[in-house]
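The values are calculated or read from the model by the stated rules, or taken from the named source; none is laboratory data. These figures come from a predicted structure and were not determined experimentally. Here the Cβ positions follow ideal geometry from the backbone for every residue, glycine too, while neighbour counts run over all protein chains shown.
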């Protein structure tokens, strides 16, 4: 090796020797400033509520304030894209979820990220079913009544849906599973859809169980079935679709915490440990269960497999339904 090559090799070795301890020191001291969670939806929805509920406990574990930043638009895609444009240093945690990390890939061919390859998934935060509700003016008292009518009268029933939401996916899966045809009426948001539902303009829809509860209790809506494999604690008398003759039927609303790929492993490990500890706190468990949510299995291994499985499931459902971006 010539003298110049030797000097270059020595220089590279010295630089490597200097940078490794510096990186290790940064990871060891993490976090030294506030940490941000980007929520890819506007304030007030289930995703936002979950992030804010967790932020206090997570802040205790990390010993730094947790700042929530809402970046809505395009079904969560805009927030995801912004999050991935920021440094992968652990100071930006990304709230991932069914819409932006599973459904989006089936509806939009131009999603600028890959939900499997571009993220390190830390842990799942919440999981909850949708509820199939009908207006009280309808004759349907049981889930079977609705299915029997839809089979005998294809195209005569209409339903409301918010494009790409978990309720939309639940309805598409039900139509494919039960082999029924109903006409969908799209809404820009859950608020206007609920207004029309309560007014009897639309006869049925799937909606998150926490959103439907007050109206079901007041007798303004009738709950026929839930989309989890187990009955929901807030609706103990409402059967699952799984137990109603469609074995294995499941369509959940869910969210979790992730970071951008490239985040240093010691930092990822620190966030995972803090998030799992926060999710295990009695306070979080009580608050979630009181709203009918399930505290899912914790940790990166579970959440990574779960995201991949959900992405595959909903892309398949969307392709079968022929759903296009609206």
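Just one of the listed residues (155, 72) is outside any helix (DSSP H, G or I), closer than 30 Å to residue 220 by Cβ and assigned by TED's automatic domain parsing to the domain that holds residue 270, namely 72.
Residue by residue through the range 212-255, note down the ones that are in contact with a helix residue (DSSP H, G or I) (Cβ under 8 Å, 6 or more places away or on another chain) and not in a loop (DSSP other than H, G, I, E, B). Result: 215, 222, 223, 224, 225, 226, 244, 252, 253, 254, 255. The set of residues in the range 277-317 that are over 15 Å from residue 96 (Cα atoms) and either outside any helix (DSSP H, G or I) or in contact with a strand residue (DSSP E or B) (Cβ under 6 Å, 6 or more places away or on another chain) (or both) comprises 280, 281, 291, 292, 293, 294, 295, 297.
To keep it simple, each residue is scored yes or no on (1) touching a residue at least 24 places away in the same chain (Cβ under 8 Å); (2) surrounded by fewer than 22 Cβ atoms within 10 Å (Cβ to Cβ).
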{"position": "199", "(1), (2)": "no, yes"}
{"position": "224", "(1), (2)": "yes, no"}
{"position": "227", "(1), (2)": "yes, no"}
{"position": "245", "(1), (2)": "yes, yes"}
{"position": "248", "(1), (2)": "no, yes"}
{"position": "255", "(1), (2)": "yes, no"}
{"position": "260", "(1), (2)": "yes, yes"}
{"position": "263", "(1), (2)": "yes, no"}
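Mind checking which residues of the range 55-79 are farther than 12 Å from residue 35 by Cβ and touching a strand residue (DSSP E or B) at 6+ places or on another chain (Cβ under 7 Å)? Passing the criteria: 70, 71, 76, 79. Just checking, does the range 121-136 include any residue being more than 30 Å from residue 236 (Cβ to Cβ) and buried (at least 24 other Cβ atoms within 10 Å of the Cβ)? Within the range 121-136, one or more residues are more than 30 Å from residue 236 (Cβ to Cβ) and buried (at least 24 other Cβ atoms within 10 Å of the Cβ). Annotation: residue 17 fulfils all but one of (1) at pLDDT 95 or above; (2) over 30 Å from residue 162 (Cα atoms); (3) assigned to a helix (DSSP H, G or I); the unmet one is (1). The residue that is nearest to residue 224 (Cα to Cα), counting only those in the range 146-172 that are touching a helix residue (DSSP H, G or I) at 6+ places or on another chain (Cβ under 6 Å) and crowded, with 24+ Cβ neighbours inside 10 Å, is 160. Kindly provide the set of residues from the range 120-145 that are part of a helix (DSSP H, G or I) and under 28 Å from the mean Cα position of the chain (by Cα), ordered by number. Hit for the range 120-145 is 143, nothing else.
For residue 320, state whether it is in a loop (DSSP other than H, G, I, E, B) and either in contact (Cβ under 8 Å) with a residue 40 or more places away in the chain or outside the structural domain of residue 123 (by TED's automatic domain parsing) (or both). Show your work before the answer.
Numbers: in a loop (DSSP other than H, G, I, E, B): no; either in contact (Cβ under 8 Å) with a residue 40 or more places away in the chain or outside the structural domain of residue 123 (by TED's automatic domain parsing) (or both): yes.
Judged against the criteria, residue 320 is not a match.
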